[in-house]
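Let me begin by presenting the structure, written as structure tokens, before commenting on it.
Rule-based calculations on the coordinates, nothing more; no lab input. Keep in mind that this is a model prediction, so the values were computed, not measured. Positions of Cβ are generated from backbone atoms using ideal geometry, with glycine treated the same way; all protein chains shown enter the neighbour counts.
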Amino acid sequence: MSVPGVEIPGVGCGLAILRDDRLLLYRRARAPEAGHWSIVGGKVDHMEHSRDAARREAEEETGLAFGQIEFLCLSEMLFAADGQHWVSVIYTTEEFSGDPRVMEPEKLPEFGWFALDALPQPLSRFAADAVAALRSAAGRPLSA
């Protein structure tokens, strides 16, 4: 059986969670992009819609419950150093209840809410694509 993302391109998902014009980001502890700040998300399972996967992954990783989520953008990344290739469907939402928590400390040990013009570094490529799409949708400049 082929390993998604390593032996064949993997299909991923992400959720850009906004509150008061601030984006929720978690610091990654694992490859690809260990140490980078990123939106939450993960792998889409076989026969699972990417929207459902984004909701599931975000709920598992944040402890939040989500309302409506909307398509934001696609992101394709080749991580040569890690030998990984991912295509991710990224969604966005402002509808959620609860307070975010560290649910998987071995994967995502810390989080924060960040203004789009004051993002932490380094930023993951998936998060950078989500931020560019959010800025474009809001009519903001695309540069960091």
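Taking the Cα of Lys107, stepping 7 Å toward and past its beta carbon, and measuring to each backbone N in the range 75-95: which are under 20 Å? Correct set: 75-79, 82-93.
Measuring spread by the Cα atoms of the chain yields a radius of gyration and Dmax of 14.2, 45 Å. When +1 charges are put on Lys and Arg Cβ atoms and -1 charges on Asp and Glu Cβ atoms, the dipole computed for the chain relative to its Cα centre reaches about 280 debye. Exposure proxy ranking for Thr62, Thr92, based on other Cβ atoms within 10 angstrom of each Cβ and starting from the fewest, stands as Thr92, Thr62.
Could you work out Rg/(2.2 N^0.38 Å) for the range 29-98, with Rg from alpha carbons only?
Working: Rg = 12.9 Å, N = 70, 2.2 N^0.38 = 11.1 Å.
The value comes to 1.16.
Does the range 1-45 come out rounded, prolate or oblate, given a ≥ b ≥ c as the square roots of the eigenvalues of its C-alpha gyration tensor, rounded meaning a/c under 1.5 and, failing that, prolate meaning a/b above b/c? Let's see the in-between values first.
On the way: a/c = 4.40, a/b = 1.90, b/c = 2.31.
Cα axes put the range 1-45 in the oblate bin.
The H on the amide N of Ala16, modeled in the peptide plane, is under 5 Å from the matching H of Tyr91, Thr92, Thr93, each at least 5 residues off or on a different chain.
Restricting to DSSP loop positions (anything but H, G, I, E, B) with no more than 10 other Cβ atoms inside 10 Å of their own Cβ, which GluC sites (Glu not before Pro) remain in the range 1-107? It would help to have the intermediate numbers written out before the result.
Numbers: sites: Glu7, Glu33, Glu48, Glu57, Glu59, Glu60, Glu61, Glu70, Glu76, Glu94, Glu95, Glu106; in loops: Glu7, Glu33, Glu48, Glu94, Glu95, Glu106.
Sparse-neighbourhood loop GluC sites (Glu not before Pro): Glu106.
Please identify which residues in the range 115-135 have an amide N closer than 19 Å to a label point set 7 Å out from the Cα of Val87, following the Cα→Cβ vector. It comes to 125-127, 129-130, nothing else.
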